[in-house]
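Here's the structure, in structure tokens; my notes come after.
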Amino acid sequence: MPAPTTAEQDQQERWVEIRSDPVLRELPYKIETNRRGQLILSPHSASHSDTQGDLIALLHEHAGGGRVRPEFPIVTAKGTKVADVVWCTAARRDEMEETGDPPTLAPEVCIEVMSESNDWDEMDEKRALYREAGAEEVWIVTEEKSIRFFADEERDTSDVIPGVPNRL
């Protein structure tokens, strides 16, 4: 695993600053950064949180042997992004830890939940960033609860977690 670049280390240091700010810890928003380290705040709805919970339950049911985590930060080429839910093997998590906190290596599966505060342009960009950071698949859950699976191209099903349905 290559050591983080200077830009990635700068993003990690910025994230430590953000995490340690007591005012930011109390905000009821998902916090991410852009490539300049500026904050991006996204308000969540109760239905968004419900969908995250449903995804976690779905992954526990279909993806044995892995770790499921909500709100997981990943350093990308365009700032620190926070996937709504991720799944990774223990071996991948060990590799991720070697890159620092937040990691510059993405989990095998990164999942984003669409909401009224984002659009497909944003999802396409995040999908590309997670893939560049090493995600094998990126799943996008639509507001209608359909799960769309992406690797290099869109797939009908997940290759990483076979048998997972394409709808919540």
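Below, the figures for the structure above:
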read-out: Computed Rg/Rh of the stretch 1-156, alpha carbon atoms with Kirkwood Rh; value: 0.94
read-out: For the stretch 82-168: accessible area per residue (Å², 1.4 Å); value: 44
read-out: Tilt relative to the chain, helix 120-132 - C-alpha long axis, 0 to 90 degrees, to 10; value: 80
read-out: Helix-only CD estimate at 222 nm, as mean residue ellipticity for the chain, using -39500 (n - 2.57) per DSSP H run (n ≥ 4); value: -10500 deg cm²/dmol
read-out: The stretch 38-113: translational diffusion in µm²/s, Stokes-Einstein, Kirkwood Rh over Cα pairs, 25 °C, 0.890 mPa s; value: 187
read-out: Loop-exposed GluC sites (Glu not before Pro) per DSSP, neighbour cap 16 Cβ within 10 angstrom, longest uninterrupted part of the chain; value: 27-115
read-out: 13 Å reach of a label modelled at residue 77, 7 Å along Cα-to-Cβ, counting backbone N of the stretch 104-129; value: 125-129
read-out: Rounded to 10°, Cα long-axis angle of helix 46-62 versus longest principal axis of the chain; value: 70
read-out: Per-selection Kirkwood Rh - the stretch 21-63 (Cα, Å, 1 d.p.); value: 12.4
read-out: Cα principal axis extents for the stretch 63-149, largest first, Å; value: 35, 31, 18
read-out: With every protein chain in place, the chain: carbon and sulfur % of accessible area (1.4 Å); value: 46
read-out: Separation of alpha-carbon centers, the stretch 1-40 and the stretch 103-124, rounded to whole Å; value: 17
read-out: Cleavage-rule hits (trypsin sites (Lys or Arg not before Pro)) in the stretch 1-72: DSSP loop, at most 10 neighbouring Cβ within 10 angstrom; value: 36
read-out: Cα principal axis extents for the stretch 1-87, largest first, Å; value: 39, 34, 20
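The values are calculated or read from the model by the stated rules, or taken from the named source; none is laboratory data. This structure is a prediction, so every number in the text was calculated from the model and none was measured. As a convention, Cβ positions derive from the backbone with ideal geometry for all residues, glycine included, and neighbour counts pool all protein chains shown. Surface accessibility is based on the protein's heavy atoms, side chains included, excluding ligands, DNA and RNA. Shrake-Rupley method; radii C 1.70, N 1.55, O 1.52, S 1.80 Å.
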